[in-house]
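All remarks here apply to the structure that follows.
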Amino acid sequence: MATTKANSSFIKNSDKTVLPISVPERLLLGPGPSNSHPSVLKALSLQPVGHLDPFYINLMAEVQGLLRQVWKTNNRLTLPMSGTGSAAMEATLANILEPGDSVLVGIKGYFGNRLADMASRYQANVNKIEKKWGEAFTLEEIEEAIIKFKPSVLALVHAETSTGVCQPMQGIGDLCRKYDCLLILDTVTSLGSIPLYLDDWKVDLAYSCSQKGLSCPPGLGPFTMNERAEEKLNNRNSKVPNWYLDVSLLNKYWGSDRVYHHTAPVNMNFGIREALRLIVEEGIENSWNRHKRNALELWNGLEKLGLELYVEEKLRLPTLTTVKIPEGINGKDFTLHLLNEHGVEIGGGLGDLAGKVWRIGLMGYNSKTENVEKVLNLFETELPKFKS
Ligand code: PLP
């Protein structure tokens, strides 16, 4: 592997010339981004075309079609938002919330809190159901809270990246229909890598990111909404309070009118088209199975080394594994050592789990046996050096 240490002095001392960029080589096995697929990087490096060029307009339709395939949805309004996953998260809330709307947010980790914070900025009446970090909601808990708070929107995180928990989705969409409530689902750490059936699950709005299961750099936030959500958007009393993310305006560009809204990040869309094409070529179910297989190998290997996993197996995310930091070990020193000496990034804990867990990601292109073996080998040989 090439040099792993970051070189922060990019200006030559002698003649003050700014050197061309040189990025250290990293194997990204943390919470994201993951490494991009080489053919995605090739697509990104092509010359841009105009954002109203007929070639590009055709490519936009291809991206929408591919996104529908990997999300298993027929939603007409499916498009990649310009921005990261948080922009797409904000788009779901901005488009359907009006001041005073009642929102119920399921919080079982860091990103549930972000949803609640964002919803409050749109003057929604935010209620929360909370679960200990590391656990998931039961159907009964969700129904009880819907009956209590009578929300018009329920927002949940499918794959909670801060804890490594996957929220079981069976029956939740039916509950939302029964109580006339829209369901928003965060699929940032699940799209492309964990079973997702948006239409069968009766999810009304969902969002994701480009940099995890899709093996593309960060920069796009896939977004989708169904007809129930469109109806709420069309019947708003007030304008969508966020111009950039207003789907009624964006749809004039992504729909048949092709009216300029903002200059599309065309190369990012080249990249995501290639990323999605690769998933469809592999087969979405094959990709899910690959992620599960490699995660099982990782879990078994970590346990054989005497490490304890934070989440019970039936709720564990194949994309993100939380490992308890053993007593007496400084978790941050270990992650810095892996990064600086071995070029391997794993994550530390976030929020309530800071200092308590490591987060190991096996996402998209990075979910492969050789990476599992590499990280297990590093835990076996390097971790003992950090025991006091
Ligand atoms: N939701 C979840 C579950 C995430 O893991 C993340 C980021 O990791 C986000 C939302 C926000 O996405 P981004 O950082 O791409 O804005």
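The values are calculated or read from the model by the stated rules, or taken from the named source; none is laboratory data. For clarity, every value in this text was computed on a predicted model and none was experimentally measured. As a convention, Cβ positions derive from the backbone with ideal geometry for all residues, glycine included, and neighbour counts pool all protein chains shown. Calculation scope for accessible area: heavy atoms of the full protein, side chains included, ligands and nucleic acids excluded. Shrake-Rupley method; radii C 1.70, N 1.55, O 1.52, S 1.80 Å.
The residue list CYS166, GLY85, THR319 was ranked by how far each Cα lies along the charge dipole of the chain toward its positive end, using unit charges on Cβ atoms, and GLY85 comes out on top.
Among the lysines of the range 178-318, pairs at least eight places apart or on separate chains and with Cα atoms under 17 Å apart come to 6. Counting protein heavy atoms only, the chain has 51 percent of its accessible area on carbon and sulfur, 1.4 angstrom probe. Just so you know, the Rg over Rh for the range 325-388 is 0.96, from Cα atoms, with Rh as the Kirkwood radius. Per-residue SASA remark: SER190, around 0 Å² accessible (1.4 Å probe; ligands, DNA and RNA not included).
If you take the charge dipole of the chain about its Cα centre, with +1 on Lys and Arg Cβ and -1 on Asp and Glu Cβ, which of THR138, ASN35, GLN47 is farthest toward its positive end? Farthest towards the positive pole: GLN47.
Let me check against my output: what whole-number percent is the relative contact order of the range 38-280, with C-alpha pairs under 8 Å and at least 6 apart?
That works out to 30 percent.
In this entry, the range 38-280 is assigned a mean projected area of 11.9 nm², taken as a quarter of its C-alpha convex hull surface.
Quick one: Cα convex hull volume of the range 31-161, Å³ per residue?
Numbers: hull volume 19.4 nm³, N = 131.
Convex hull volume per residue, Cα atoms: 148 Å³.
Dipole size of the range 38-280 about its Cα centre, with +1 on Lys/Arg Cβ and -1 on Asp/Glu Cβ: approximately 340 debye, rounded to the nearest 20. Working from Cα pairs under 8 Å separated by at least six residues, relative contact order for the range 107-208 is 26 percent. Note: relative contact order over the range 193-241, using C-alpha pairs below 8 Å and six or more positions apart, is 30 percent.
Around VAL126, with a cut-off of 11 angstrom between Cβ atoms, what is the net charge of the other residues, counting Lys and Arg +1 and Asp and Glu -1? Let's see the in-between values first.
Values: positive: ARG121, LYS128; negative: ASP101, ASP117.
Its environment carries a net charge of 0.
On a per residue basis, the convex hull of the C-alpha atoms belonging to the range 236-385 measures out at 199 Å³.
I want the local charge near SER248. Using Cβ-Cβ distances under 12 Å, sum +1 for each Lys or Arg and -1 for each Asp or Glu among the other residues.
Numbers: positive: LYS232, ARG236, LYS239, LYS252; negative: GLU230, ASP246, ASP257.
Surrounding charge for SER248 is +1.
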